[in-house]
Each structure stands twice: as C-alpha cells, then as structure tokens.
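First up is the structure itself, then whatever we jot down about it.
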Amino acid sequence: MIAQSLIVEPGCALGRSYMLFMPLLRYDRLWSADVNRENESKTLDILPIPRTKEEAKQAYDRISRCYDYTTGAFGRKYAKMALEHLSIVEGEILLEVGFGTGHCLKRIAECVGQTGKVYGLDISSGMIEITKKRLEKAGLVNRVELFRGDAAFLPFDDNTFDAVFMSFVLEVFDTPEIPRALEQVKKVLKPGGRLGVASMSKENGESIFLRLYEWIHNKWPKYVGSRLIYAEQALIDTGYQIKSKEKATLFRLPIEIIVAVKTIPGNAIEYCGQSAVGLYLLAVRSPIGTDIDAFQLPPKNSQDRIDHREWLGHCNNVCPWSRQQL
C-alpha cells in the first residue's frame, strides 16, 4: 500500500487553520503539564483529615446543641453572603449539603417559596433534630426534606437540582474525598445548575494566622476537624466553570465564596483559547473574513510567559463570535 500525504497550501483556509493548530497543540500540552504539576503540589500542601466519618458524626452529634453558640456562629455571616451570591429564585429545587443547625436551609426554603422544594443532607442525627425544630417553628417543614447521609454518596437522581449549597463543608472532607463529593454534586445538578461554596482557603498565601491554625489542626485533628483547602482549584479540576468568586477573612484566615456552574455538554466555548482543540475548531469554523492572524500565541519560555487569562481575554476580543453555539 502506498502511503498518502496531506499537502496543505499555506494560503488556503485549511492551511491557515493547520498552521495555527499545530503550534497550539504543542503549547496546550506544555501548559497542561505545568498546570498538572502545580495542582499536584497544591494537593500535597493540604493537610489530611485523620478522623473517620463515624468519629466525625459522633463529634457533631455531641456539639449539635451548642453549635450555634460556638463554631457555627463564626461562619454564619459568610454562609449568608455565599447564599446571596447563589441568587435563588422562587420555584427552584435546591439541595444543601452539610446544613448543620439549619440557618441557611431555612433561608433557602423562604427563597424558593411555595412552588419550590428544598432538600438537606447532613451526617449528624443531632444536627437534623435541631434543624427540624427550626423549620417547624418557622412553618417551613412542608417545603423541606431532610436526609442523614454522606456527600460522597448522594441519594438523589441525576439532574435533579437547580442549585446546591455547601457552606464550610468541603474542608472537613479528607483530600481524596473532595473531588468525589464534587462529582456527586455535579451528577445531581441539572445542566447549567449552580453550586455555591463558602470555604476556608489557602489561595491567599501563607500567614502567621494560617500557620497557627494548621498547627492546631495537626495537634488536635479529631477536635479541629477542618483545615484550609484550594476550593476554586478543586472545582475547576472537577469540571465546573467558575461564575463568580469573592475573598474575605475570618479571624485573619482567608475565605473563598464561589459560585460555580455545571457546564452544558455541546454548548458554547466560553473562552476561545481554553484549549488548542477549542481554538482550532473556532478557527476552521470562523465566519468568512475573520483575521486568523489576530490570534497571538503566548510565549513558551518562562521569562516572557504571560498570564493565561490575559491571553484568553485577548482571543475573546478578537473573536466575540466564540460565544455562539458551535
């Protein structure tokens, strides 16, 4: 059999796309390798959670009656901020994972109104009992169903919820279980559904307060069961698209408030330069007259490397049609 070669004229549309695509593939692989190494380093930087889930359940059962006056009181302000960012509307179906004593769950039930529905899941029977009483007192018990369970094994059908809320929950999971829980949440979210997260964060760098907190966690890990994590990176690694994020501090400890979205398969490419393949598809399917030469590749050497987001922003200015359905 005679091998056939594809000869592409540089001046034709296919040739221009090919010339663009090949160096991009090389850059895409190099950039992906850099990101993977950075993410692995971040994962190793997160402290472990040595206590078992049964130990965690027992601990939360013990403190459930005084939780509102101790640990729960500290993060309530930021949990409410995260809930506001989620922009709940009447008639939606929502899930809160790790609802504690039910302050946010009550607010969610008020927001969805009589036409909506709310589900809550928590590992602690004691927390569930406190929350039931709170909902009964507010006259909202008919809008909410409570479940005792583990976020790594959600007992709900796929594509059920318009939004899911997690406030200071991800940081109590051991590191290997964070992506597992986020994958479970993604399964039960509807396409385009929102995930609201409030979490202690390591993204703001090292500080004496951060080091002190981690020292306390290392000293008494079964009593200080949470630690700082890279919440945004965990969401991105699990396939979410970040819609909004805000930073705050709690006792000088950094906090992230994030709203992420479950991406819709086959929908628009949000940024035309997200990958070499994505940019290639945009190039070969671009409208007649689009100046493909306007795409400038970021330099490969570390000294001149520009921020990847800046490059994506440049591409988006060049090709606003990239947000259209492909």
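If I model a spin label at D45 and F209 as a point 7 Å from the Cα along the Cα→Cβ vector, what separation in nanometres do I get?
It is 1.9 nm.
Cut-off is 10 Å between beta-carbons; in what order do V172, V118, V141 appear when sorted fewest neighbours first?
The fewest-first ordering by Cβ neighbours comes to V141, V172, V118.
If you average over every viewing direction, what projected area does the convex hull of the Cα atoms of the stretch 53-262 give, in nm²?
10.5
Please tell me which of these pairs span more than 23 angstrom C-alpha to C-alpha: K133/K187; K186/K243; K57/K202; K80/K202; K137/K262; K80/K117?
Listed pairs above 23 Å: K133/K187; K57/K202; K137/K262.
Within the stretch 53-160, which GluC sites (Glu not before Pro) sit in a loop by DSSP and count at most 16 neighbouring Cβ atoms inside 10 Å?
For GluC sites (Glu not before Pro) across the stretch 53-160 that sit outside H, G, I, E and B with at most 16 neighbouring Cβ atoms in 10 Å, the list reads E90.
How would you rank S167, S64, S244, going from fewest to most other Cβ atoms within 10 Å of each one's own Cβ?
With the fewest neighbours first, S167, S64, S244 line up as S244, S64, S167.
As an exercise, use a Förster radius of 22 Å and the Cβ-Cβ distance of L250 and D68 to find the FRET efficiency, rounded to the nearest 0.05.
Once the sixth-power term is evaluated, E becomes 0.85.
Computed from the coordinates by the stated procedures, all read-outs in this text should not be read as laboratory data. These numbers come from a predicted model, not from an experiment. Note: ideal-geometry Cβ built from the backbone for every residue, glycine included; neighbour counts use all protein chains shown.
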